[in-house]
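Have a look at the structure below before the remarks.
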Amino acid sequence: MGKILFVLVGCLASLILVDSLVCNKCTFGVLGICLNKANETCSGTSSVCFTGKATFPSLTSFSGFNSQGCQANATGCNVTATATLLGVQYQTEIQCCSTDNCNPVTLSGAPSTKMTLSATIGAAVLASVWGSMMH
């Protein structure tokens, strides 16, 4: 009986591992370089991998900030949004995919960013400072 139970637990564990989506994870990247690259195993059956990028149209020579990882579902995927923070316009783009490591880091033309509020504020302040220095 113990052997049968062991085999059932083993089969169940292997099915759970097979269904887990693995994504590239980058909490913060700048100029197309990830500062803390890792792999992340998503939880949940509707999870997707995302790649996000924030750019500043007024700073054409600056490629922006990026982030990557798992997202609970596809809500908000494959969209581009424009906003203004502290008088600086920025654009965010989020792309999603659903196969293992389908969100590689690319140096230019990378899919967008899913930024936290503090990172967004920091980026806007940095862009504002850089913009005032260029004028």
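The values are calculated or read from the model by the stated rules, or taken from the named source; none is laboratory data. Here the structure is a predicted model, which is why all the values come from computation and not from measurement. The protein model used for the area step is the full one, side chains on, heavy atoms only, and it has no ligands, DNA or RNA in it. Shrake-Rupley method; radii C 1.70, N 1.55, O 1.52, S 1.80 Å.
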### Task
Using a 1.4 Å probe and counting only protein heavy atoms, arrange Thr99, Thr55 so the residue with the most accessible area comes first.
Thr99, Thr55
### Message
For a quick check of understanding: with a 1.4 angstrom probe and all protein chains in place, what accessible area in square angstrom does Phe28 have, to the nearest ten?
### Response
70 Å²
## Note on the structure
Sorting Thr75, Thr51 on solvent-accessible surface, 1.4 Å probe, most exposed first, gives Thr75, Thr51
### Message
If I ignore ligands, DNA and RNA and count only protein heavy atoms, how much of Thr45 is accessible to a 1.4 Å probe, in Å² to the nearest 10?
### Response
150 Å²
## Note on the structure
Using a 1.4 Å probe on heavy atoms of the protein chains only, the accessible area for Ile94 in Å², nearest 10, reads 30 Å²
### Summary
For Leu21, the residues 5 or more places away or on another chain with a placed amide H closer than 5 Å to its own amide H are Cys42
